[in-house]
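Values quoted throughout were computed directly from the atomic coordinates according to the rules given, and no laboratory measurement underlies them. Because the structure is predicted, anything quoted here is derived from the model rather than measured. Positions of Cβ are generated from backbone atoms using ideal geometry, with glycine treated the same way; all protein chains shown enter the neighbour counts.
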Amino acid sequence: MNYKKTYVANPDRYAEGMMKYRQCGASSIVLPEMSLGFWWNFGGVNVYEESLAKMTYAFDHGITCFDLANNYGPPFGSAEETFGRMYADNFRAHRHEMIVTTKAGYEMWEGPYGCGSSRKMLITSLNESLQRMNLDYVDIFYSHRYDGVTPIEETMQALVDIVRSGKAIYVGLSNYPVDKLKPAVEYLEARDVHPLIYQGKYNMLTRDPEVAHFDLMTEKRMGFTAFSPVNQGLLTGKYLNGIPTDSRAGSASDRLKSLITPELVEKVRKLNDLAAQRGESLAQMATAWVLRRPEVTSVIIGPRTVEQMQDSLKAMNSAPFTDEEQRIINEILK
Ligand SMILES: NC(=O)c1ccc[n+]([C@@H]2O[C@H](COP(=O)([O-])OP(=O)(O)OC[C@H]3O[C@@H](n4cnc5c(N)ncnc54)[C@H](OP(=O)(O)O)[C@@H]3O)[C@@H](O)[C@H]2O)c1
C-alpha cells in the first residue's frame with residue numbers, strides 16, 4: 001500500500017504545471033480545477049489507509065478543495081469522521097491551505113428534524129459535522145437542496161446566521177431549481193452574504209445547467225462547481241462489457257445499475273472510441289468536457305482509487321475540443 005504514515009506534504013504541490021486554479025465568481029478566491037469528493041469511497045465501509053492515500057495524493061498534487069456532506073459514507077456521517085481522522089493525524093498544519101465544505105438538506109438522522117432545509121436542520125447538522133471533522137469552521141457551507149417545503153427565507157436566514165457565527169466563511173447552494181435559486185441568491189445578497197458558489201450535477205449525460213443555471217451564475221457572479229463528471233462511472237469504459245462486481249453499479253448502487261441500458265452502452269461505446277482517437281481515457285475526456293465551460297470553477301471528482309484520480313487529473317491538460325469533436329459529441333448525446 002503506497003501511503004505515508006507520517007505525512008510530509010509535497011513541497012512542489014503548488015509548482016507550475018501541478019494544478020490549475022480558477023477564480024470563483026466575483027470573489028478573489030480560487031478553486032482547483034479538480035476538487036476531491038467524499039460522497040462514496042471514504043466511508044466507514046472503506047479501508048482507512050486507502051482513503052488516506054487518496055487524500056495525501058490529492059493534496060500533494062495541488063488539490064485544495066475537499067467536498068463533504070453530513071450524510072456521506074456509508075454509513076451517514078462516516079466520511080466526515082474519516083476526514084476528521086485524516087485531518088487530525090496529518091493535515092492540521094495545512095488547515096489554512098484547505099477549502100473544506102459540507103452540506104445539509106438530505107436525510108441524515110431519525111425523526112422529524114433529520115431531513116430537509118429547516119433552520120433547525122442546517123444549524124444542528126453543521127455543529128455535528130464540525131465535531132466529526134475536528135474543525136472549528138468550514139470554508140463553504142451548502143444548503144444541499146431546495147426541499148420544496150421550507151420557506152426560502154428560513155433556509156437563507158439560517159445561512160446568513162451561520163456566516164455571522166463564524167462557523168462558515170462562505171455559503172453555497174446546491175440542487176436548487178433556477179426559479180428558487182434566484183430569490184435565494186437575492187435574499188442572501190440583500191444581507192451582504194454573497195453566495196460564493198452553486199454546486200450542480202453537470203456531465204455529458206446531464207446537461208441541465210446549460211439551460212439556465214450557467215446564465216444565472218454569470219449574472220450573479222457566482223462560481224459553479226460540477227459534480228459527478230463521469231456520472232458515477234457510467235462515462236468510463238468499465239460498463240462496456242457487463243457490470244464488474246467491484247464497480248459502484250455492481251456493488252453498491254441499484255439505481256445506477258438500472259441506468260445501464262443497451263442504448264446507454266451504445267452511446268458510451270461511441271464516446272469511448274472518440275476518447276481513444278484523442279489518446280485519452282473516456283473518464284479523462286468526459287472530465288475535460290466539463291472543464292471546457294468557463295462557468296465551471298471546479299469539477300468534483302469521486303475516484304475510488306489513486307489510479308483513477310491520476311487518470312482523471314490528466315483532464316486538466318487535455319487538448320481543447322475541436323469544432324468537429326464537439327459536433328460528434330453532440331450528435332452522440334442527442
Ligand atoms: N451536491 C450534491 O448533491 C452531490 C451529489 C453527488 C456528488 N456530489 C459530490 O461530487 C463528488 C463526485 O461525485 P461522484 O462520486 O458521482 O463522481 P464521479 O467521478 O462521476 O464518479 C465516481 C466513480 O466513477 C468511477 N471513476 C471515477 N474516475 C474514474 C476513472 N478515472 N476511471 C475509471 N473509473 C472512474 C469510480 O467508479 P467505481 O467505484 O465503479 O470504480 C468512482 O467511484 C462526490 O464525492 C460529492 O463530493 C455532490
Go through LYS182/LYS238; LYS220/LYS270; LYS167/LYS257; LYS201/LYS270 and tell me which ones have a Cα-Cα distance over 28 Å in this structure. LYS182/LYS238; LYS220/LYS270; LYS167/LYS257
Can you run phi through the Karplus equation (6.51, -1.76, 1.60; θ = phi - 60°) for the stretch 197-212 and list ³J(HN,Hα) in whole Hz, with x for Gly and Pro? 7, 10, 10, x, 6, 8, 7, 4, 9, 9, 10, 3, x, 5, 6, 9
Please list, short to long, the whole-number percent of alpha-carbon pairs of the stretch 182-319 in consecutive 10 angstrom bins beginning at zero. 11, 37, 31, 15, 5, 0
Roughly what % of Cα-Cα distances in the stretch 133-187 sit above 17 Å, to the whole percent? 35 percent
Which whole number in µm²/s is D for the stretch 1-154 by Stokes-Einstein, with the Kirkwood Rh taken over Cα pairs at 4 °C and 1.567 mPa s? 79 µm²/s
Once you keep just the Cα pairs under 8 angstrom separated by 6 or more residues, what percentage relative contact order results for the chain? 16 percent
Using a 10 Å cut-off on Cβ atoms, rank the peptides 78-91, 307-320 from the highest mean neighbour count down. 78-91, 307-320
Subtract the Cα-Cα distance of ASP323 and ARG269 from 0.36 nm times their separation in residues, and report this length gain in nm to one decimal. 17.4 nm
What area, in nm² and to one decimal, does the C-alpha convex hull of the chain cast on average over all directions? 16.7 nm²
Would you look at the GNM of the chain, springs on alpha carbons closer than 10 Å, and say which of PHE214, PHE38, PHE321 moves the most? PHE321
Charges only on Cβ, +1 for Lys and Arg, -1 for Asp and Glu: so what's the dipole of the chain about the Cα centre, in debye to the nearest 20? 200 debye
Return the FRET efficiency for the residue pair VAL149, GLN277: r is the Cβ-Cβ distance, R0 is 30 Å, and the value is rounded to the nearest 0.05. 0.05
D for the stretch 197-256, whole µm²/s, Stokes-Einstein with Kirkwood Rh over alpha-carbon pairs at 25 °C and 0.890 mPa s: what number? 187 µm²/s
Between the stretch 154-209 and the stretch 92-111, the Cα center-to-center distance that results, in Å: 15 Å
Placing +1 on the Cβ of each Lys and Arg and -1 on the Cβ of each Asp and Glu in the stretch 179-236, which of ASN231, TYR198, TYR187 has its Cα farthest towards the positive end of the resulting dipole? ASN231
Seen from all sides and averaged, what is the projected area of the convex hull of the Cα atoms in the stretch 246-334, in nm²? 6.6 nm²
If I stretch the segment between GLU219 and GLU307 completely, what's the gain in nm (0.36 nm per residue apart, minus their alpha carbon distance), one decimal? 27.9 nm
Taking only Cα atoms of the stretch 279-322, radius of gyration then Dmax in Å: 10.2, 31
Given the rule -39500 (n - 2.57) for each run of at least 4 DSSP H residues, summed and divided by the residues of the chain, what is its mean residue ellipticity at 222 nm, to the nearest 500 deg cm²/dmol? -11500 deg cm²/dmol
With r defined as the distance between the Cβ atoms of ASN330 and LYS182 and R0 fixed at 30 Å, what FRET efficiency is calculated, to the nearest 0.05? 0.60
Separation between the VAL47 and ALA88 pseudo-spin-labels, each 7 Å from Cα along Cα→Cβ, expressed in nm? 2.4 nm
Using Cα-Cα distances under 8 Å and only pairs 6 or more residues apart, what relative contact order does the stretch 90-194 have, in percent? 26 percent
Report the extension gain between ARG255 and ILE243 in nm, rounded to one decimal, defined as 0.36 nm multiplied by the number of residues separating them, less their alpha carbon distance. 3.0 nm
With a 10 Å radius around each residue's Cβ, average the other Cβ atoms per peptide and rank 171-179, 276-284, highest first. 171-179, 276-284
Note, the stretch 172-178: 3J(HN,Hα) by Karplus (6.51, -1.76, 1.60, θ = phi - 60°), whole Hz, Gly/Pro = x, goes x, 10, 9, 6, 9, x, 4
When only alpha-carbon atoms count, how far does the stretch 235-285 stretch along each of its three principal axes, as whole angstroms with the largest first? 32, 21, 15
One-quarter of the Cα convex hull surface for the stretch 121-224, in nm²? 6.9 nm²
